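Single-structure report; data block below.
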Amino acid sequence: MIPRILLPALLLFFACHSARKPSTDAAAAVVFAERPKNIILMIGDGMATPQISAGLYWKGAGKSVWEQFSVVGFHKSHSADEKVTDSAAGATAFSCGQKTSNGAIAVLPPDNRPCRTILEELDARGWATGMVVTCSATHATPASFIAHQDIRAYTESIAEDYLNTQLDCFIGGGSGYFDDRPDKKNLLDTLKKRGYVIRRGTGFARLPLDGAAPFMLFTAEREPPTASANRRYLPEATNKACQYLQKRSPKGFFLMVEGSQIDWALHANDRNWLKAEMIDFDATVTAALEFARTDGNTLVIVTGDHECGGASLNPGESKQTFRPGFASRMHSAAMVPVFAFGPKAELFSGIYDNTAIYSKMWAALGN
Ligand code: MG
Ligand code: ZN
């Protein structure tokens, strides 16, 4: 038992102790740098509170990655023209910090003028940049960080925009948009001439992971398989990309990681597919946190672009189970949680527009 007279002194000691380390994440017991050098922006497409809740229950209490974050906020996902956003306008809000029209890839109303993305700007300033996704390179979310097109369906033009920015690494699907095109151009040959290492499959052994060259690893000719059909590369690809990008530039890196198919499972109202995608994304976020915890200079932000499926968690067969239900096969306007970990994570608490994620990332970097 502690003598009563010592209690105030002890409480004061603990209060001072915790106040002395403002950049410490209590849950992780890690001391972070004052500002991040690296940013990992992770997007679960179609992922909002119901999907995260389902993922948390599927993993079991205390086992999901979501419970490792001490900073959580919410963003308002609406686009410039609709209460309900699509993934192009949703990703453009993150990449450019501006609301745009649904379907627009990093171009702004009223005249579709291109907006400079955070990936393009950091690349120009000498940061290393990468994208790791489970869709094709030309799909709306990755496209909105590197391409500028009026309509997301212009996939061949989006692929050509990959020639305008020297992205250091890409892992995902869609090689066919580069080398099996109606205009017969072979963009992969052009990229090779510029020093890119181009590989196919899901093996990491033959990649220049020492940082010697930029690379694209195509995991599929068009869209990669579903997590429920045993697609497994996203967690390891995220880890490999972090290690590689860290070697590519002393300034720091920006990595966008997308759990692209969470949204597709929701459009299909497919519970088993959704479960496989949420467990895969949980492992992917875990991989990013493991890197960030060791590194101490990395800010990890995890969010969705919008809710999809109007998902709900209904009673299951027993007290322990639940049965996800769906109100629609479309996106909805529900607020989307934002989880942050690392230096300046505290900037991401509160309720704000999706465009604020862009300005908060810059604020974290000291701009
Ligand atoms: Mg997407
Ligand atoms: Zn969708």
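The values are calculated or read from the model by the stated rules, or taken from the named source; none is laboratory data. Keep in mind it's a predicted model, so treat the numbers as computed, not measured. Ideal geometry is used to build each Cβ from the backbone, glycine not excepted, and the neighbour counts take in all protein chains shown. Keep in mind that these areas ignore ligands, DNA and RNA; they rest on the heavy atoms of the full protein, side chains included. Shrake-Rupley method; radii C 1.70, N 1.55, O 1.52, S 1.80 Å.
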Counting helices only, and only those DSSP H runs with n ≥ 4, report the 222 nm mean residue ellipticity of the chain as the sum of -39,500 (n - 2.57) divided by its residues, in deg cm²/dmol to the nearest 500. -10000 deg cm²/dmol
Roughly how far apart, in whole Å, are the Cα centres of region 150-164 and region 99-148? 10
Taking H as built 1.01 Å from N, whose amide H comes closer than 5 Å to the amide H of residue 104, not counting residues under 5 places away? 89
Share of Cα-Cα pairs in region 229-367 beyond 22 Å, whole percent, is 49
Using the Kyte-Doolittle scale, which helices in the chain average at least -1.0 and also have C-alpha atoms spread 30 Å or more along the helix axis, with helices defined as whole DSSP H runs? 271-295
Report the relative contact order of region 285-367, percent, no decimals, based on alpha-carbon pairs under 8 angstrom and at least 6 residues apart. 30
Volume per residue, Å³, of the convex hull around the alpha-carbon atoms of the chain? 155
Taking every DSSP beta bridge that has both residues in the chain, what percent is antiparallel when rounded to the nearest 5? 35
Only Lys, Arg (+1) and Asp, Glu (-1) charged, at Cβ; region 80-235 dipole about Cα centre in debye: 440
Would region 32-94 count as rounded, prolate or oblate if I go by the C-alpha gyration tensor, calling it rounded below 1.5 in a/c and otherwise prolate when a/b exceeds b/c, oblate otherwise? oblate
Region 277-342, convex hull of Cα, quarter of hull surface, nm² -> 5.9
Can you work out the accessible area per residue across the chain, with the rest of the protein chains kept in place, probe 1.4 Å, in square angstrom? 42
Hey, can you grab everything whose amide H is under 5 Å from the amide H of residue 311? Only 5+ residues off in sequence or another chain; H modelled, so Pro and N-termini drop out. 327
Give the shape of region 315-366 as rounded, prolate or oblate, defined through the alpha-carbon gyration tensor: a ≥ b ≥ c are the square roots of its eigenvalues, a/c under 1.5 means rounded, and otherwise the shape is prolate if a/b is larger than b/c and oblate if not. oblate
Taking a quarter of the surface of the convex hull around the Cα atoms of region 183-264, what do you get in nm²? 6.9
What is the percent of Cα-Cα separations in region 121-189 that go past 14 Å? 56
Compute the whole-percent fraction of alpha carbon pairs in region 54-198 spaced more than 18 Å apart. 62
Might you work out the accessible area of residue 31 for me, using a 1.4 Å probe with all protein chains in place, and round it to the nearest 10 Å²? 100
Output ³J(HN,Hα) for region 310-321: one whole-Hz value per residue in order, computed from phi by the Karplus curve 6.51 cos²θ - 1.76 cosθ + 1.60 with θ = phi - 60°, and x for Gly and Pro. x, 5, 9, 10, 9, x, x, 6, 10, 4, 7, 9
